[in-house]
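Input: a single structure, listed below in structure tokens.
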């Protein structure tokens, strides 16, 4: 029998950093949700703005219990999500809905995700972009290359879902049983590739699906290059560094599961490098920033040679709230 979804058994996990205005919009949307989750975990990456005051202002009005954790230092999205998933798991949550602070939730989004949770244990909903357009997320990875497949079909048939082997922390909906088996998100990534690898690890444990349900809306405008059905977003020097460095962490995970193909993975690294150059030239319209790509490659080589590297470990069982 499929597991009956109980909204009170779900926890929304949010990571925020110095974006209290965006966090306010997200919390306002959670206040309007019907149904609401049992808990809301907010991990604050050592913000220096008024984030703490914003969270406190919602405690009595949001209609769900808030667990607020302010970290002593900025651990990046990866560290924040690792801590947030840990807290939600230890609360006994059956379902964890993971998201950044620059989205807002569609009012019945949790019910929509819970419906699909009766069939799948790792689910990705869809979201609207800042301008209201339908955002296309590359939901399949080429494992030999270690890159998203940009031409994976965008449409859905009557089933309403497509199988995926990736993940995105802008809306990943995952069952605690999968979290227990694959462990926490790896904080060593800091930013980039962390959710892709986590979703891939989940897909090794269960059928994972992106579903044709719009449950989130982005609230932050990002400069883009419109390629028709696809968009290429602007980036940052930090992203350029970590997108290259973290391929070494990705390679380690692939090696752990017998999926690493050295030559093809190097081709994927070269394609990633080329994509970032295109992003610099055509989206951001500048040439400065390439040094961060080379620094990432250099530091990634040190990670790749690290014989002591170990993956994140499975978690100890904790009683579920369901």
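Bear in mind these aren't lab numbers, they're just calculated from the coordinates by the rules spelled out. Being a predicted model, the structure only gives us computed values, none of them experimental. With ideal geometry, Cβ positions are generated from the backbone for all residues, glycine too; neighbour counts draw on all protein chains shown.
Numbers below:
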| read-out | value |
| --- | --- |
| Residue-averaged 222 nm ellipticity for the chain, from DSSP H runs of 4+ at -39500 (n - 2.57), nearest 500 | -10500 deg cm²/dmol |
| Shape of the stretch 119-173, Cα gyration tensor, a/c cut at 1.5 | rounded |
| Cβ-based exposure ranking for 220, 181, 305, in which fewest neighbours within 10 Å come first | 305, 220, 181 |
| Shape of the stretch 161-203, Cα gyration tensor, a/c cut at 1.5 | oblate |
| Exposure proxy order (Cβ contacts within 10 Å, fewest to most) of 319, 83 | 319, 83 |
| Exposure proxy order (Cβ contacts within 10 Å, fewest to most) of 116, 137, 95 | 137, 116, 95 |
| Cα-based radius of gyration of the chain once divided by 2.2 N^0.38 Å, which approximates compact folds | 0.96 |
| Inter-site label distance for residue 131 and residue 271 at 7 Å from Cα along Cβ, in nm | 2.7 nm |
